[in-house]
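Only the coordinates and a few stated rules stand behind these numbers; no lab work does. As the structure is a prediction and not an experimental result, all values here were calculated from the model.
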Amino acid sequence: MKKKIHPEYHPQAKISCACGNVFYVGSTKKEMAVEICYACHPFFTGNEKLIDTAGRVEKFKAKREKAAKASSKSKATKKAEKKGKKVAKAKK
Ligand SMILES: [Zn+2]
């Protein structure tokens with residue numbers, strides 16, 4: 001290794017997450033603060049945790065509901081879904 005050109009390496013750099021999780025990795029930085037990690041990211045937890053921007057999630061859900069309605073055959077289910085939609089709209 002050439003001297004004086006490599007950054008200092010910390011084999012046990014402390015990474016602290018916003019969720020409170022702390023773990024250690026090798027890094028050129030001694031400490032890092034991250035906002036999401038393997039312990040709290042929805043991909044790993046399997047939980048639905050949404051950060052909604054401009055109601056895009058709601059739009060998507062409405063779309064899915066519509067698709068489900070179109071594919072369902074029973075009239076009773078359709079009526080129930082329509083009623084549910086009206087209630088949801090009234091809340092806004
Ligand atoms: Zn985390």
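Available extension along the chain between H6 and A68 is 16.6 nm, counting 0.36 nm per residue and deducting the alpha carbon span. Between the amide H of A13 and those of V25, G26, S27, distances stay under 5 Å, these residues lying 5 or more places away or on another chain, with hydrogens modeled in the peptide plane.
Computed from the Cα positions only, the extents of the stretch 7-72 along the three principal axes stand at 60, 22, 21 Å, in decreasing order.
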